[in-house]
Amino acid sequence: MLQKIRKLIPNFIVNNLWHLPIAILANLCYGFPSRKLTIIGITGTSGKTTTSYLIYHLLLKANLKVALISTILCKIGKKEIDIGLHVTNPSPFALQKMLKKIKDKGYTHLVLETTSHGLAQHRCWGINFQYGVLTNIAHEHLDYHKTLKNYQKAKLKLIKKAKVAVINRLDPSYQLAIKAASGRVIEFDQSCKFISKNLIGSFNQKNISAAVAIAKDLNIPINTIKKAISSFPGVPGRMEVIQTKPFNIVIDFAHKPDALMAALGSLRKITKGKLISVFGCAGLRDILKRPIMGRISSKLADITILTAEDPRTESVIDINNQIESGFIKSKTNHLYRQPDRQQAINQAIALAKPKDTVALFGKSHEKSICFGTIEHPWSEHLAVKKAIKLLSKKSS
């Protein structure tokens, strides 16, 4: 009943009359700790986690006292804190508590990943952003924002808040970002010449370029930047190669059209055999993207296996039907449906031949998968190990 009532109330009313007062109270309780920190905010439809990790790594190698709050975790020195399930921006009280802890421990810089939900719901209210990085804006989260305009407006909040706006010159959002910027503007594109062996795909040059733009503005020496980029270890669950022989296995978070297209496009170029794509779409989320993702996989992958990805109270079968509606069948591609994610991964690895690539999308670093209203323990990496073990048993 409460959920039905909530759906009748416009988001802006809930955000302004509920979320905003909570955010103000959280800042007051913790004493506006962000005022003592140089905070670098990163948002965008895709690339924000990789960019966050890159900037954090660059500042760390420059011997700055820097902390990180990202989709995956919060890093304060050697301590790592899991921020929760399916969440990027923590709640205002949790976030302000982290900020105070970071300030009290003597840190001077913080890299903070932010989402459209977090920005729309004022979770970042009161935070003093020195830099605001916008990687890109593409189709996503229209289940919540309703229109692309609302989604863009939420993302651009970071650009408006920041003293320095760092924007992608080649993204369609460029003109909107320029108009939204209230302070100094730094532009970046994909022409950065620095290379990291642990970042697969040309699209990652955009993320490197954004990180380098920040580092240069912070007067970090070029040699330090170059060494830091080359030594970057990569990001868990972001185009992460976990096996290369006899076939490749890659885990990535791509759960939206632009990210899936970029990931499959990059893997297509380096795969000598067949490209096997395993993914689903989350339940109770943007349904418009489902057929789009089906179409993308049909064009770029040789084999597509549709499966579960946090179906919540929706039917996995119904979700996969919607994905399949966009799938363009041909003589060169094959489509399978396996609602059990472990079984889908087993099937993909069993089908793989030498020089093939098995790419798993949508779960990445997450530690649970949601069926109904219950979060069940899940590890994509453990699922792969189980599948390989099963294949070894069958082969022996």
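Bear in mind that the values in this text are calculations on the coordinates, not laboratory data. This one's a predicted model, so the numbers in the text were calculated from it and none came from an experiment. Glycine gets a Cβ as well: all are built from the backbone with ideal geometry, and neighbour counts include every protein chain shown.
Excluding PHE188 itself, what net charge comes from residues whose Cβ is under 9 Å from its Cβ, given Lys and Arg +1 and Asp and Glu -1?
Local charge sum for PHE188: 0.
Taking only the alpha-carbon atoms of the chain, what semi-axes of the equivalent ellipsoid follow from 5 times the gyration tensor eigenvalues under a square root, in whole Å, largest first?
34, 25, 20
If I model a spin label at ILE22 and ASP189 as a point 7 Å from the Cα along the Cα→Cβ vector, what separation in nanometres do I get?
About 4.3 nm, to one decimal.
Hey, can you grab everything whose amide H is under 5 Å from the amide H of VAL164? Only 5+ residues off in sequence or another chain; H modelled, so Pro and N-termini drop out.
Amide H neighbours of VAL164: TYR131, GLY132.
Can you run phi through the Karplus equation (6.51, -1.76, 1.60; θ = phi - 60°) for region 146-161 and list ³J(HN,Hα) in whole Hz, with x for Gly and Pro?
Values per residue, Gly and Pro as x: 6, 10, 4, 4, 5, 4, 4, 4, 5, 4, 6, 4, 5, 5, 5, 6 Hz.
Under a 5 Å amide H to amide H cut-off, with H placed in plane at 1.01 Å, what residues pair with ALA67 once short-range neighbours are removed?
Under 5 Å from the amide H of ALA67: HIS109, LEU110, VAL111.
For TYR336 and ILE81, what does the FRET efficiency come to when R0 = 45 Å and r is the distance between their Cβ atoms, rounded to the nearest 0.05?
That gives a FRET efficiency of 0.70.
On full extension of the chain, what length is gained from LYS269 through LEU382, given 0.36 nm per residue of separation minus the C-alpha to C-alpha distance?
This chain segment gains 37.9 nm when fully extended.
Taking the Cβ of ILE287 as the center, what net charge do the other residues with Cβ under 11 Å away carry, scoring Lys and Arg +1 and Asp and Glu -1?
That sum, taken over residues with Cβ under 11 Å, equals -1.
How far is helix 341-351 tilted, in degrees, relative to the longest principal axis of the Cα atoms in the chain, given as a value from 0 to 90 rounded to the nearest 10?
So the inclination is approximately 50 degrees.
Please identify, among GLY41, GLY106, GLY126, the residue showing maximal mean-square fluctuation in a Gaussian network model of the chain using a 10 angstrom Cα cutoff.
GLY106
In degrees, nearest 10, range 0 to 90: what is the angle between the Cα axis of helix 289-300 and the longest Cα principal axis of the chain?
Result, in degrees: 60.
Cut-off 10 angstrom, C-alpha nodes, Gaussian network model of the chain. Which of THR43, THR108, THR373 fluctuates the most?
Its mean-square fluctuation being the largest, the pick is THR373.
Over region 2-230, what is the mean sequence separation of C-alpha contacts under 8 Å (at least six apart), divided by residue count, expressed as relative contact order in percent?
Here the relative contact order equals 23 percent.
Using alpha-carbon pairs under 8 Å, 6+ residues apart, how would you state the relative contact order of the chain in percent?
14 percent
Mind listing the long-range amide H neighbours of ILE369? Cut-off is under 5 Å, sequence gap 5 or more, other chains count too, H placed in the peptide plane at 1.01 Å from N.
Those lying under 5 Å, H to H, from ILE369 are HIS376, TRP378.
Which residue, LYS149, LYS65, LYS355, has the most motion in a Gaussian network model of the chain that connects Cα atoms within less than 10 Å?
Greatest mean-square fluctuation among the candidates belongs to LYS149.
Quick one: if you stick a label point 7 Å off each Cα along the C-beta vector at ILE328 and SER395, how many nm between them?
3.5 nm
With angles folded into 0 to 90 degrees, how steeply does helix 92-104 sit against the dominant principal axis of the chain? Use alpha carbons for both and round to 10.
60 degrees
Please report Rg over Rh for region 240-395, where both radii come from the alpha carbon positions and Rh follows the Kirkwood definition.
Across region 240-395, the Cα-based Rg/Rh ratio is 0.94.
So if R0 is 41 Å, what FRET efficiency would THR108 and LYS146 give, r being the distance between their Cβ atoms, rounded to the nearest 0.05?
Once the sixth-power term is evaluated, E becomes 0.55.
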